[in-house]
Amino acid sequence: MTRVKRGYIARRRRTKIILFASSFRGAHSRLTKTITQQKIRALVSAHRDRDRKKRDFHRLWITRINAVIRERGVSYSYNILIHDLYSCFSTMISNEIIKEVDWKESIILMLE
């Protein structure tokens with residue numbers, strides 16, 4: 001029988017996987033089966049830790065704001081400050097809406 005030469009597709013897939021795991025240690029960067037397992041594990045960890053990173057930065061942000069608030073004496077805590085900001089903002093928006101509605105009604109009355 002004649003010798004069958006395999007195509008390049010499987011080799012290209014393996015090289016891509018090996019390049020992904022080139023920085024791993026030991027068999028995790030040499031054996032195809034363990035490379036694929038470690039690749040899955042690394043991608044799962046990356047996906048999970050993206051959310052965890054956001055959570056950690058959010059906590060750090062709240063802590064820093066809280067420290068500045070207590071130092072300056074603006075408010076007692078972060079949640080009271082945010083509540084006050086929301087209430088102030090919502091009243092400001094409602095006032096703007098009332099002004100705009102009154103303005104539109106006055107234009108309609110003028111046109112009639």
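The values are calculated or read from the model by the stated rules, or taken from the named source; none is laboratory data. Because the structure is a prediction, the values reported are computed rather than measured. Every residue, glycine among them, receives a Cβ derived from its backbone with ideal geometry; neighbour counts consider all protein chains shown. Just the protein is used for accessible areas: all its heavy atoms, side chains included, with ligands, DNA and RNA removed. Shrake-Rupley method; radii C 1.70, N 1.55, O 1.52, S 1.80 Å.
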Taking the stretch 2-21 and keeping residues within 14 Å of Q37 (Cα to Cα) and among the small types (G, A, S) leaves A21
Exactly one of N79, N66 is surrounded by 11 or more Cβ atoms within 10 Å (Cβ to Cβ), modelled with pLDDT of 85 or more and touching a helix residue (DSSP H, G or I) at 6+ places or on another chain (Cβ under 8 Å), and that one is N66
Here the residues within the stretch 13-48 that are open to solvent by less than 60 Å² (accessible area, probe 1.4 Å) and assigned to a helix (DSSP H, G or I) are I17, G26, A27, S29, T32, T34, I35, T36, Q38, A42, S45, A46
